[in-house]
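Data first, discussion second: the structure below is written as structure tokens.
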Amino acid sequence: MSSQPSGVDTETVPRPEAIPRPSEVIGVGSGQVDRETAATGVDSEGADRDTETTGTVVWHREHLRIDDQRAVAAAAARADAVLPVFVFDPAFYGERGLACDSRIDFLHDCLRDLDSQYRAVADAGLTYAHGDPITVLRRFQRAGWDVVTQRTPTGRYGLERDERAAEAGVEFVDGDGLVRDRDDSRAQWQEDVTAWLEAEQYDWDPRSVTVAELDTGVTVDQIDDVYDLDPTKEVTRTGGTSAARDRLASFLPTLPDYPGNISSPLDAREGTSGLSPYLRFGCLSVRQVYQHVVANAPESRGREMFCSRLFWNLHYRQKLVDWPGWLDEAVNPELRAFNGDRHDPELVAAWKRGETGFPMVDASMRCLRETGWLNFRMRALCVSCYYHLLQQPWWIGADYFHEHLLDSVAAINYTQWQYQCGLVGKPTLRLYNPVKQVREQDPDGEFVRRWVPELAPLPDEHLPRPEKTPVSVQMECGVEIGEDYPYPVVEYESAKAEFWNRYDRVKPRAAARLADETVARRASLSGGREAAERIAAEYGATETEPVETTLGERVRTEQNADANARRDSDVNSERDSDANARRDSDVNSERDSDVNSERDSDVNSERDSDRQTELDAFD
């Protein structure tokens, strides 16, 4: 992670006296403003510029492109001069930034590409600034510039920053297809988003406006050095719109194979679009991708499935628009403290290191740490292991994903975490079986052996459950379970039973809370408040099952349940556990989530639009 600079590097740049007025950039060469002109207000020929000239700063943040970018189009339509600016904000560097250096490095690639985009059409590039964005933007405003930016869903520091910017007079324009300023955003949401995806893209004519650039002395390379970036992940892609377009073009011929590539971590790496980091930084808009696919790819199940993922990308972004609290607080108040009192730093550390004793989970966590990417199925598996089996507080794991994923969008990462954990209050919940995932998604053990090399000598049949490998086989292979690779940190069947025992007790109360209009707004279900009310009516606590109980009653109930789970875990032999697992699978118990969810994933994935199956907002 990058370090915080000191001394002159922390200054806010540009200084007020170095910022020209809009009238001072019109007709100045290629649009680049030298420091003498900015400081004196007189150009190299001694001419005083018309003070009535209008100018607009385009504050680039995440939408790092010049096409289908509403802030750029709006600025060009109303101003004589446009000054595109990116502000390097110290808050996003160092420990507080919660972004790995590889993601910042990818962002810096995107900025270099954005600079090239402007130069290709206007002979002037991107102006770089450094410091608190609001302080920087106010300096431009005092020099006579308006400021406009495209709105984006955000929370935490970003939300506070945007509120300060709005108070300072920065204009935020909608351009991402999301619904804002409506009492019920989900009313006609599908129709609204479809109309936006199919509508004409935002456009502008670079010949109609002067694009200006201010030499501030700040460069991307300088920021790399100042913050001592050390991007260590194995990232094979370069950021920027040009690379994004190349990636999209190379993906289209493979669309027919897309449905079969999304689940396996090996197939997904090259068999999915690979566009997620580009969409994360807005190198292409979702609409640009959608329209390109529809126009250039023949109809197929793969095209339909991929386009549905673009809708889901917007669906989860909409949730953060509707409630910024997704990043810090369980959406359903009944589940706010669930697992909160069970924090075990050693279990969390084992999960982060990829040393849980579940090979598919461990391979995925190591792959995440080393490459910054996982396909959706493996992300969901790791979340399920963390929350359902290790039973740890959700926000710690969500923050870890957000730090290490190259493509992490807060609106998607945190809402997906809450959905996968079961913190919304919906009746459906998927608990992944890590043993089953090895057998189904990595039957030859290629992925596990790549990322968990200490297990490489084991025969394929022992990779799903290394702890069951006979000692004679371990000796023959030179692998000692418990030394070279850990035993599972929890026993799967007993941990699953304990979780369901705890979760089933609170689930009716959680479902009932969806009848609360405030909670329903937060949940932002695709079916709107009506869907939330139906869930509350069908699955909520009845009159004989009170929604509220005293804290003491809950604690005593959970203590008794925990004691029972521990007792059952002690008295049940491993043979009984295996027998129970087979029995549950045979009778299709409702709580055997792997059996039911695999079946329902095939049958209901399109019909149940809010269900967390293979509806992949990342790929």
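The values are calculated or read from the model by the stated rules, or taken from the named source; none is laboratory data. Note that the structure is predicted; figures quoted are calculated from it, not measured. Cβ placement follows ideal geometry from the backbone for every residue including glycine, while neighbour counts extend to all protein chains displayed. Side chains are part of the model used for accessible areas, which takes the heavy atoms of the whole protein and leaves out ligands, DNA and RNA. Shrake-Rupley method; radii C 1.70, N 1.55, O 1.52, S 1.80 Å.
Its relative contact order, with pairs defined as Cα atoms under 8 Å and 6+ residues apart, puts the range 118-263 at 28 percent. Peptides 80-92, 198-210, ordered by how many other C-beta atoms sit within 10 Å of their residues on average, highest first, read 80-92, 198-210. Model label points for Glu163 and Gln190, set 7 angstrom from Cα along the Cα-to-Cβ axis, are 3.5 nm apart. Ranking of Arg513, Arg78 by solvent-accessible surface, largest first: Arg78, Arg513 (1.4 Å probe, protein heavy atoms only, all chains present). In a simple Cβ point-charge model (Lys, Arg +1; Asp, Glu -1; nothing else charged), the range 383-458 has a dipole of about 320 debye relative to its Cα centre.
Which shape class, rounded, prolate or oblate, goes with the range 190-299 when its Cα gyration tensor gives a ≥ b ≥ c as root eigenvalues, a/c under 1.5 marks rounded, and past that a/b bigger than b/c marks prolate?
Numbers: a/c = 2.67, a/b = 1.22, b/c = 2.19.
Taking the square roots of the gyration eigenvalues as a ≥ b ≥ c, the range 190-299 is oblate.
Semi-axis lengths, largest first, of the ellipsoid equivalent to the range 379-525 are 36, 18, 12 Å, with √(5λ) applied to each eigenvalue of the Cα gyration tensor. Each peptide in 141-150, 245-254, 429-438 gets a packing score, the mean of other Cβ atoms within 10 Å over its residues, and the list from highest to lowest is 429-438, 141-150, 245-254. Pairs exceeding 24 Å between alpha-carbon atoms, taken from Lys436/Lys468; Lys233/Lys496; Lys352/Lys496: Lys233/Lys496. Taken per residue, the accessible surface of the range 128-169 reaches 38 Å², heavy atoms only and a 1.4 Å probe. Ranking of Val286, Val235 by solvent-accessible surface, largest first: Val235, Val286 (1.4 Å probe, protein heavy atoms only, all chains present).
Does anything in the range 251-267 have its amide N under 11 Å from the 7 Å Cα→Cβ label point of Asn296, and if so which residues? 251-253, by backbone N distance to the label point.
When a 1.4 Å probe is rolled over the protein heavy atoms, the share of accessible surface on the range 320-426 that falls to carbon and sulfur comes to 50 percent. A simple packing score, the average count of other Cβ atoms within 10 Å per residue, orders the peptides 480-487, 236-243 as 236-243, 480-487, with the highest score first. Taking only the Cα atoms of the range 88-214, the radius of gyration and Dmax are 17.2, 45 Å. Taking label positions 7 Å along the Cα-Cβ direction at both Arg353 and Glu480, the computed distance is 1.7 nm, reported to one decimal. First compute the accessible area of the range 168-213 with a 1.4 Å probe, then give the percent of it belonging to carbon and sulfur atoms. Accessible surface attributable to carbon and sulfur in the range 168-213 totals 41 percent.
Computed extension length for Glu461-Tyr487: 7.7 nm, one decimal, from 0.36 nm per residue of separation with the Cα-Cα distance subtracted. Cβ-Cβ distance of Val121 and Val473, R₀ of 60 Å, FRET efficiency by 1/(1 + (r/R0)^6): the value works out to about 0.40.
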